[in-house]
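Engineer: First the structure, which I've put down as structure tokens, then a few questions once you've had a look.
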Amino acid sequence: MPIFPRRAALAIAMSSMLVLGIAGCGDEEPDAGSAAQTSDKKITVYSGRSESLVKPLLEMFTKQTGISVEARYGDTAQMAAQLVEEGNRSPADVFFAQDAGALGAVTKQGLFAVLPADTLNKVPGVYRAAGGEWVGVTGRSRVLVYNSDLVPSEQLPKSVFELTEPAWKGKVGVAPTNGSFQAFVTALRVQHSDARAEQFLTGLGANDPQIRAGNAAIVSDVNSGKIPAGLVNHYYVYELADEKGVSPDTLKARLHFFPNGDTGALVNTAGVGVLKGAADDPDVRVFVDYLLGTEAQTYFADKTFEYPLVSGVAAAPGLPALASLAAPKIDLNDLDTLAATVAMIKKSGLVT
């Protein structure tokens, strides 16, 4: 179903979040023969991206277009699970997710419409669904953040697997409940097998990892010297520098991009999918195209320091070019088995 009538908003009680993949979507699909809908100047967005990050952008969108946005925020995996639970009864028009894995999980349930070719073609093929059900908005690279006073550059690991070795015992911060860490583990499973990923998690768990709630806490503790290093997304160092009003190169926290296509250098994408019930909504079309336009892409580059995916918009100063990163050759469409990854992380003991 190509994108973009808005279905009538259904008032449904939001039950507790389900683990991804447990609930199917057995409801009947909306009538495909219903008449195309005109603009009502409002959309509903389920956002797996934080309110502090997304709300200013949504306000910019509303100011420019006159289209109001009802945004519901939550963890990306939880929001994906909620969409699966609600099925075709969902009031959501758009899912704005933190990573490709969550988008893929919703795609597998058949809940997304296929986006138009002219929308999909705004970003490179590697950053969109093979079947056209979702499109990337920004890119983020996994890195090792390290304290330059505590970790000499010559001791930086060439592979993320080295972090299970005794030399790194008690020195590595991780955020196992964070969506980006979970996507990274899914990439390990895809690139190296479930057995190898489970071995890595077991080894990491036995190496006294420093557990944190999220990437920002890891970067802050690395910069202050509380922990020598941590696994994060690249832009959190830039966010810390921005908070402090300094240049990133003045921080003790530095970025190490794993070389040679190592899984630790996974380049994932935040992106959007449109629910089938909103496939013909012209306001939704405007929203998706706005996210891929110059204003929104520049916002992400300047305010959140992620990589813009649309050509013509430069990344933050000091970042290596996206095309220059030695990312692992992984199809992001394969990062859709999040439920299995979460179960594996819990089994490893990293999450209690």
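The values are calculated or read from the model by the stated rules, or taken from the named source; none is laboratory data. Here the structure is a predicted model, which is why all the values come from computation and not from measurement. Neighbour counts run over all protein chains shown; Cβ positions are idealised from the backbone, glycine included.
Engineer: Confirm whether residue 289 is surrounded by fewer than 24 Cβ atoms within 10 Å (Cβ to Cβ) and either in contact with a Pro (Cβ under 6 Å, 6 or more places away or on another chain) or among the β-branched types (Val, Ile, Thr) (or both).
Structural biologist: On the way: surrounded by fewer than 24 Cβ atoms within 10 Å (Cβ to Cβ): yes; either in contact with a Pro (Cβ under 6 Å, 6 or more places away or on another chain) or among the β-branched types (Val, Ile, Thr) (or both): no.
It is false that residue 289 is surrounded by fewer than 24 Cβ atoms within 10 Å (Cβ to Cβ) and either in contact with a Pro (Cβ under 6 Å, 6 or more places away or on another chain) or among the β-branched types (Val, Ile, Thr) (or both).
Engineer: Residues in segment 282-293 that are out of contact with any Ser or Thr (no Cβ under 8 Å at 6 or more places or on another chain) and not in a helix (DSSP H, G or I): how many?
Structural biologist: 1
Engineer: Looking at 323, 316, 327, can you tell me which residue is outside any loop (DSSP other than H, G, I, E, B) and either at pLDDT 95 or above or of a type in the set (A, V, I, L, M, F, W, C) (or both)? I'd like the intermediate steps shown before the answer.
Structural biologist: Numbers: 316 fails: outside any loop (DSSP other than H, G, I, E, B); 327 fails: outside any loop (DSSP other than H, G, I, E, B).
After ruling out the rest, the residue left standing is 323.
Engineer: Right, next: One residue is enough: does segment 247-265 have a residue meeting the conditions at negative phi, buried (at least 24 other Cβ atoms within 10 Å of the Cβ) and in contact with an Asp or Glu (Cβ under 6 Å, 6 or more places away or on another chain)?
Structural biologist: Within segment 247-265, not a single residue is at negative phi, buried (at least 24 other Cβ atoms within 10 Å of the Cβ) and in contact with an Asp or Glu (Cβ under 6 Å, 6 or more places away or on another chain).
Engineer: Here's another thing I want to ask about it. If we scan segment 294-307, do we find a residue that is in contact with a Leu (Cβ under 9 Å, 6 or more places away or on another chain), surrounded by fewer than 23 Cβ atoms within 10 Å (Cβ to Cβ) and not in a helix (DSSP H, G or I)?
Structural biologist: The answer is no; no qualifying residue exists.
Engineer: Next question, about the same structure. Hey, any hits in segment 164-171 for a residue that's in the same structural domain as residue 79 (by TED's automatic domain parsing) and of a type in the set (Val, Ile, Thr)?
Structural biologist: Within segment 164-171, not a single residue is in the same structural domain as residue 79 (by TED's automatic domain parsing) and of a type in the set (Val, Ile, Thr).
Engineer: Would segment 318-337 turn up any residue that is surrounded by 13 or more Cβ atoms within 10 Å (Cβ to Cβ), farther than 21 Å from residue 238 by Cβ and among the β-branched types (Val, Ile, Thr)?
Structural biologist: yes
Engineer: If you check residue 147 against the conditions, is it over 21 Å from residue 263 (Cβ atoms), of a type in the set (S, T, N, Q) and either surrounded by fewer than 24 Cβ atoms within 10 Å (Cβ to Cβ) or in the same structural domain as residue 249 (by TED's automatic domain parsing) (or both)?
Structural biologist: Here the answer is yes, as residue 147 does meet what is asked.
Engineer: Have a look at 226, 303 and point out the one that is assigned by TED's automatic domain parsing to the domain that holds residue 48, of a type in the set (D, E, K, R) and over 24 Å from residue 191 (Cβ atoms). Can you show your working first?
Structural biologist: Details: 226 fails: assigned by TED's automatic domain parsing to the domain that holds residue 48.
Answer to the selection: 303.
Let's see how each residue does on (1) among the polar types (S, T, N, Q); (2) over 20 Å from residue 259 (Cβ atoms):
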residue	(1), (2)
160	no, no
166	no, yes
176	no, yes
182	yes, yes
196	no, no
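Engineer: On the basis of being in the same structural domain as residue 144 (by TED's automatic domain parsing) and in a loop (DSSP other than H, G, I, E, B), does residue 246 make the cut?
Structural biologist: yes
Engineer: Just to be sure I understand, how many residues within segment 330-352 are part of a loop (DSSP other than H, G, I, E, B) and not polar (S, T, N, Q)?
Structural biologist: Selection size over segment 330-352: 7.
Engineer: Any idea which of 203, 179 is surrounded by fewer than 22 Cβ atoms within 10 Å (Cβ to Cβ), closer than 24 Å to residue 335 by Cα and out of contact with any Phe, Trp or Tyr (no Cβ under 7 Å at 6 or more places or on another chain)?
Structural biologist: 203
Engineer: If the requirement is being under 24 Å from the mean Cα position of the chain (by Cα) and of a type in the set (Gly, Ala, Ser), which of these qualifies: 245, 214?
Structural biologist: Working: 245 fails: under 24 Å from the mean Cα position of the chain (by Cα).
Exactly one residue qualifies, and that residue is 214.
Engineer: Between a first residue in segment 302-313 that is at positive phi and a second residue that is assigned to a helix (DSSP H, G or I) and crowded, with 18+ Cβ neighbours inside 10 Å, which pairs have beta carbons less than 7 Å apart while being 6 or more apart in sequence or on different chains?
Structural biologist: Pairs that qualify, where the first residue is at positive phi and the partner is assigned to a helix (DSSP H, G or I) and crowded, with 18+ Cβ neighbours inside 10 Å, are 305/235; 305/238; 305/239.
Engineer: Which condition does residue 108 not pass, out of (1) modelled with pLDDT under 95; (2) surrounded by 24 or more Cβ atoms within 10 Å (Cβ to Cβ), if it passes all the others?
Structural biologist: Only one criterion is unmet by residue 108, namely (2).
Engineer: Let me ask something else. Regarding residue 240, is this residue more than 30 Å from residue 87 (Cα to Cα), hydrophobic (A, V, I, L, M, F, W, C) and assigned by TED's automatic domain parsing to the domain that holds residue 157?
Structural biologist: Yes, satisfied.
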